[in-house]
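S.K.: Please see the structure below; I have some questions.
The values are calculated or read from the model by the stated rules, or taken from the named source; none is laboratory data. Fair warning: this is a prediction, and the values are worked out from it, not measured in the lab. Cβ placement follows ideal geometry from the backbone for every residue including glycine, while neighbour counts extend to all protein chains displayed. These accessible areas exclude ligands, DNA and RNA; they are computed on the full protein's heavy atoms, side chains included. Shrake-Rupley method; radii C 1.70, N 1.55, O 1.52, S 1.80 Å.
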Amino acid sequence: QVQFVESGGGLVQPGGSLTLSCAASGFDFSSAILAWYRQYPGKDREKVASASFGLIRYHMDSAKGRFIMSRDNAKQTVTLLMTNLKFEDTATYYCGAIDLNRWGQGTQVTVSS
């Protein structure tokens, strides 16, 4: 059974940092195209970053230089380090596999002073 479990969300002040983690199981992790998405209430999910074949791509200009995605194939985990957080980063963040079209339940990130 394919599973993704996100953790690490929470409340943080502007300029702060958070590290989101995602534990995956039930599929061939090392060959999967993994990604972090985020979603604002009432909006479609938007791709933040993806990792495949040793390449990390950042799909949002606002994430470049502030977010770092990494994957650990041995531990079957994916992380998203978010720094210099801004109010507009407030969203629900999801990890998943694009090629499997499967996602976790999401973790809420709230940036507020």
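S.K.: Name every residue in the range 2-18 that is open to solvent by 50 Å² or more (accessible area, probe 1.4 Å) and either within 20 Å of Ala74 (Cβ to Cβ) or part of a loop (DSSP other than H, G, I, E, B) (or both), in order of residue number. Outline the logic, then answer.
M.R.: Applying the first criterion (open to solvent by 50 Å² or more (accessible area, probe 1.4 Å)) to the range 2-18 yields 3, 5, 7, 11, 13-14, 17.
If the condition is that a residue be open to solvent by 50 Å² or more (accessible area, probe 1.4 Å) and either within 20 Å of Ala74 (Cβ to Cβ) or part of a loop (DSSP other than H, G, I, E, B) (or both), then Gln3, Val5, Ser7, Gln13, Pro14, Ser17 are the ones that fit.
S.K.: Also: When you check Met69 against the structure, is it open to solvent by less than 50 Å² (accessible area, probe 1.4 Å) and either outside any loop (DSSP other than H, G, I, E, B) or in contact with a His (Cβ under 6 Å, 6 or more places away or on another chain) (or both), yes or no?
M.R.: Working: open to solvent by less than 50 Å² (accessible area, probe 1.4 Å): yes; either outside any loop (DSSP other than H, G, I, E, B) or in contact with a His (Cβ under 6 Å, 6 or more places away or on another chain) (or both): yes.
Yes.
A quick yes/no check of all residues on (1) within 12 Å of the chain's Cα centre (by Cα); (2) more than 16 Å from Ala49 (Cα to Cα):
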{"site": "Gly65", "(1), (2)": "no, no"}
{"site": "Gln76", "(1), (2)": "no, yes"}
{"site": "Thr79", "(1), (2)": "yes, no"}
{"site": "Thr83", "(1), (2)": "no, no"}
{"site": "Glu88", "(1), (2)": "no, yes"}
{"site": "Trp103", "(1), (2)": "yes, no"}
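S.K.: Identify the residue in the range 40-57 that is under 11 Å from the mean Cα position of the chain (by Cα) and open to solvent by 40 Å² or more (accessible area, probe 1.4 Å) and, among all such residues, is nearest to Asp99 (Cα to Cα). Break it down into steps so the answer makes sense when it comes.
M.R.: Step one: list which residues in the range 40-57 are under 11 Å from the mean Cα position of the chain (by Cα), which gives 46-51.
Now drop any that are not open to solvent by 40 Å² or more (accessible area, probe 1.4 Å), which leaves 46-47.
On the way: Glu46: 16, Lys47: 14 Å.
Among them, the one singled out is Lys47.
S.K.: Picking from Ser50, Ser21, Ser62, Ser30, which residue would you name as being at pLDDT below 95 and either in a strand (DSSP E or B) or within 23 Å of Val2 (Cα to Cα) (or both)?
M.R.: Criteria check complete, one pass: Ser30.
S.K.: Of all residues in the range 73-102, how many are part of a strand (DSSP E or B) and open to solvent by 50 Å² or more (accessible area, probe 1.4 Å)? Let's see the steps before the verdict.
M.R.: Filtering the range 73-102 down to residues part of a strand (DSSP E or B) leaves 77-82, 91-97, 102.
Next, from what is left, pick out any that are open to solvent by 50 Å² or more (accessible area, probe 1.4 Å): 81, 102.
The number of residues fulfilling the criteria is 2.
S.K.: Then there is this: Within the range 71-86, can one find any residue that is of a type in the set (Val, Ile, Thr), without any contact (Cβ under 8 Å) to a residue 24 or more places away in the chain and over 23 Å from Phe27 (Cβ atoms)? Give the steps one after another, and end with the answer.
M.R.: As a first pass, look at the range 71-86 and keep what is of a type in the set (Val, Ile, Thr): 77-79, 83.
The next check asks that each one be without any contact (Cβ under 8 Å) to a residue 24 or more places away in the chain; those that pass are none.
No, the conditions are met nowhere in the range 71-86.
S.K.: Another question about this same structure. Would you please list the contacts, defined by Cβ atoms under 7 Å and residues six or more apart or on different chains, that run from a residue in the range 91-103 that is touching a residue at least 12 places away in the same chain (Cβ under 8 Å) and charged (D, E, K, R) to a residue that is part of a strand (DSSP E or B) and open to solvent by less than 10 Å² (accessible area, probe 1.4 Å)?
M.R.: Listed pairs, sorted by first residue: Arg102/Gly96.
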